[in-house]
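For reference, the structure discussed in these notes is given below.
Read the figures in this text as sums done on the coordinates, not as results from a lab. Predicted model, so just to flag it, every value in this text is computed and none were measured. All Cβ positions, glycine included, derive from the backbone under ideal geometry; neighbour counts span all protein chains shown.
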Amino acid sequence: MRKAASGLFTWAAEAGRDYVTASPCVNLPKLDPEHPRTRVLSEDEIKTFWQGLDRNDLPYDRRTRLALKFELVTMLRSRELLGAHRDELFDLDGEHPRFDVPLKRVKKRRVIQQPLSDLAVEIIKEALASDGQQFAFESPMYKGQPIHRKAMADALRGTKHETNKDKTKTAGLCELLGLKPFTPHDLRRTAATLAGDLGFDDAWIAKCLDHAASKKAEQIVPTVTGKVYNHSKRMKEKRAVLDGVAAELRRIVGGRTSRKDANIGLHVAA
C-alpha cells in the first residue's frame, strides 16, 4: 500500500502536472522485511484434507472443493485455474493433456501451458459435469460463470458475519477437518515441496510454478529460443514433475499407484 501511495504522489508532483507541490512520501523509513510464508501440509494433513474434500456433509459446493484439489495437483495459482474454460483444455483423452492459461489471468502476463497429470484430468472430467458446461469450475449460483475468485480462500477459512467480523458465519474446511489454517497458495507450496522431496530439480519445479528463471540456476536464453525452440523440453520437464507429484499424492491418500507412475517416482529418486 505504501509503495502504491508513494508512486501516486510522485506522479502527481512531477513537472507539468503539479497536483501537489511535493510528495509526502519522501524520506520515509524503510519497511521491515516481509517474512516469507512457510506453511506446508504434512502427509497426514494432505490425507485428511483430500479425503475430507470428498465428504458429502460439507457446506461448500463440490466444484469449489475440486478446485482446491486441482491447485494442489497442478501448482497453478487460484486466479489462473478458476477460470478454466473448456476451450483451454486439450487432449484430455490423449497422451499429452494440457491446460493453456491465457495471459489475462497470469500474474506474469504470459500464456502458461501446463501439462495435466492423470489425476488432474480426473478432477477436470468430474468438474465438467455436462457437455454444455463451459467453465470447469462453474459457479453454483451464477450459471455460465466461474466460481468467485475468493471462493477457495473463503471455503478454507470460513465466512464471517457482515455485522460481526469476529464471529464465523460458516465454519471453514480447515476448522471442519481439524487442520491448522492454510491458504490456497499454501497448496502450491506443498506440491512444490513434494516435488523437491522426490528429487526433482529446483529449476523444473520453478517452471511448474511459473516462476522466473534464476540466473544462477538457468542460462538466460533469447526470447525466441525460450518461446519456441525450448518449448518441447520445458513441457517434458514440467510433465515429469507434475506426474511425479500426482503419483505421490495417490500414495499419500491411499489410492492405488500404477506401475507407470511408480516407475516415474523411482527413476527421479534414483
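When D87, D32 are ordered from fewest to most other Cβ atoms inside 10 Å of their Cβ, what list results?
D32, D87
To make sure I understand the rule: partners must be aspartates and glutamates, Cα under 13 Å from the Cα of K169, and not fewer than 8 residues away in the same chain. Which ones qualify?
Partners within reach: D154.
Please state the shape class of region 65-116: rounded when a/c is under 1.5, otherwise prolate if a/b exceeds b/c and oblate if not, all from the C-alpha gyration tensor.
oblate
Can you work out the Karplus-derived ³J(HN,Hα) for every residue in region 106-113? Use 6.51 cos²θ - 1.76 cosθ + 1.60 with θ = phi - 60°, whole Hz, and x for glycine or proline.
9, 4, 8, 6, 8, 5, 9, 9
Over 31 Å between Cα atoms, which of K69/K143; K125/K238; K47/K104; K3/K150 qualify?
Correct reply: K47/K104.
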